[in-house]
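The values are calculated or read from the model by the stated rules, or taken from the named source; none is laboratory data. Every value quoted in this text rests on a predicted model; they were computed, and no experiment measured them. Cβ placement follows ideal geometry from the backbone for every residue including glycine, while neighbour counts extend to all protein chains displayed. Note: accessible area is taken over every heavy atom of the protein model, side chains too, but ligands, DNA and RNA are not part of it. Shrake-Rupley method; radii C 1.70, N 1.55, O 1.52, S 1.80 Å.
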Amino acid sequence: KPGYKKNEVSTAKIEVIAPRDEVLNRLIQKLVRQGATLSGTEKGNATLEVVKADGVAPEHFATTTIYPTDVMLNGEWLRVENQRMDGVIVLNNGSAECTLIRDVKKGDMVVTGGLGIKVSTFSDKSDSGEKFSFMGSSVSSERKVEIAIDRVTWEMERIKERAGKLVVVAGPVVVHTGGVPALSWMVKNGYISALLGGNAIATHDVENAFYGTSLGVDLRSGQQVEGGHRNHLGAINTIRKAGSMEKAVERGWLNSGLFYELVKNKIPFSLAGSIRDDGPLPETKMDLIEAQAEYARLIKGAEMILMLSSMLHSIGVGNMAPAGVKLVCVDINPAVVTKLADRGSLESVGIVTDVGLFLALLVERLKKR
């Protein structure tokens with residue numbers, strides 16, 4: 001049944017047969033991941049298998065997507081909580097929860113196969129309102145940046161009005177391109193609920209606060225400072241001497257910059273470490289499982305996630321976020337924003353531009369409003 005207009009859905013009913021139940025289950029599982037819904041007598045209860053060892057799921061576990069998922073239990077659909085991609089579904093005391101494989105426990109009941117699972121990809125809903133999109137494409141080129149920023153500004157104002165949650169994922173390029181004053185203004189004026197990043201964004205922000213440089217480059221003149229290559233190490237050393245960025249703020253050592261504003265305004269942040277990190281800063285979590293868990297906690301309930309020139313952390317956060325969260329990825333590299341858009345969410349929007357320019361224009365619009 002083809003839909004002839006934009007708000008009409010095209011549907012197809014397909015019969016799937018296979019020589020063995022095991023093969024049929026694999027096929028159904030793949031189809032469900034694409035948004036198919038089982039019909040008629042095939043809508044049976046979900047198949048469950050018990051976990052035999054901590055951190056090891058049954059062989060034929062059903063994997064989750066970013067989209068809202070229901071499982072059938074005792075003839076009724078049950079919504080899966082904590083939705084995210086690349087997880088498994090655990091049934092516990094009448095509730096269903098999306099869990100990472102490493103977190104399953106011996107004795108847990110995990111959904112397997114493809115029967116009794118329903119995934120809602122929003123394709124069955126008509127256009128009842130305006131979607132979060134612009135330029136008719138998931139990636140906006142540089143000539144359309146101002147139009148894109150107007151749309152993002154409008155969304156940010158609506159989120160702030162209803163006391164919603166906006167999370168920022170930021171890389172050190174924010175500091176290098178002079179975006180710190182604009183992002184700090186957003187923190188001070190209540191637009192940002194949490195910030196996620198790596199050791200580098202904090203290190204170079206503190207370096208800028210102490211020395212006026214980022215990677216040894218004077219941000220006012222754009223010139224390399226003699227001996228500036230050690231400035232970020234000096235910044236790390238000073239914070240380690242204080243014990244933390246919060247203690248450095250309390251002592252009056254750190255009195256400007258993005259992380260100064262985060263500490264002063266009590267905005268939570270999380271720094272996930274990597275093998276390349278210098279120092280690291282005391283707040284940087286080098287246990288990546290611990291960092292992942294904190295990231296997931298901070299993005300829970302977010303309505304919008306603003307991803308600013310940090311490919312690794314942006315893609316990681318994108319994989320944790322369920323459908324329905326508006327993702328705005330800003331990067332000068334089109335490949336980065338395309339990769340985020342390819343996650344399949346209708347709410348993913350990419351803007352190809354310099355992140356410093358983007359933040360300056362964004363704050364300019366917010367101040368006018």
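Couple of notes before you dig in:
- Tabulated pairs, region 175-186, first more than 13 Å from Ala202 (Cα to Cα), second modelled with pLDDT under 95 and of a type in the set (Asp, Glu), C-beta under 7 angstrom, 6+ apart or interchain: Thr177/Asp354
- For Ala291, the criteria (1) in contact with a strand residue (DSSP E or B) (Cβ under 9 Å, 6 or more places away or on another chain); (2) open to solvent by 20 Å² or more (accessible area, probe 1.4 Å) hold in every case but one, which is (2).
- Any hit, region 267-283, residues being touching a residue at least 24 places away in the same chain (Cβ under 8 Å), touching a His at 6+ places or on another chain (Cβ under 8 Å) and outside any strand (DSSP E or B): yes
- Annotation: of all residues in region 54-105 being of a type in the set (Gly, Ala, Ser) and closer than 25 Å to Glu290 by Cβ, the one that is nearest to the chain's Cα centre (by Cα) is Gly87.
- Qualifying positions in region 236-266 - assigned to a helix (DSSP H, G or I) and hydrophobic (A, V, I, L, M, F, W, C): Ile236, Ile239, Ala242, Met245, Ala248, Val249, Leu258, Phe259, Leu262, Val263
- Condition met for Leu357 (outside any loop (DSSP other than H, G, I, E, B), surrounded by fewer than 21 Cβ atoms within 10 Å (Cβ to Cβ) and at pLDDT 90 or above): yes
- Picking from residues in region 337-354 that are in contact with a Cys (Cβ under 8 Å, 6 or more places away or on another chain) and buried (at least 23 other Cβ atoms within 10 Å of the Cβ), the one that is modelled with the highest pLDDT is Ile351.
- Test result for Ser193, within 24 Å of Ala296 (Cβ to Cβ), surrounded by 15 or more Cβ atoms within 10 Å (Cβ to Cβ) and either out of contact with any Pro (no Cβ under 6 Å at 6 or more places or on another chain) or at pLDDT 95 or above (or both): yes
- Residue count, region 294-314 (criterion: open to solvent by less than 40 Å² (accessible area, probe 1.4 Å) and at positive phi): 1
- Any hit, region 93-115, residues being charged (D, E, K, R) and touching a residue at least 60 places away in the same chain (Cβ under 8 Å): yes
- Of all the residues in region 247-280, those that are open to solvent by 20 Å² or more (accessible area, probe 1.4 Å), farther than 22 Å from Val168 by Cα and aliphatic (A, V, I, L, M) number 1.
- Output for region 199-215, where each listed residue is in a helix (DSSP H, G or I) and not hydrophobic (A, V, I, L, M, F, W, C): Asn199, Thr203, His204, Asp205, Glu207, Asn208, Tyr211
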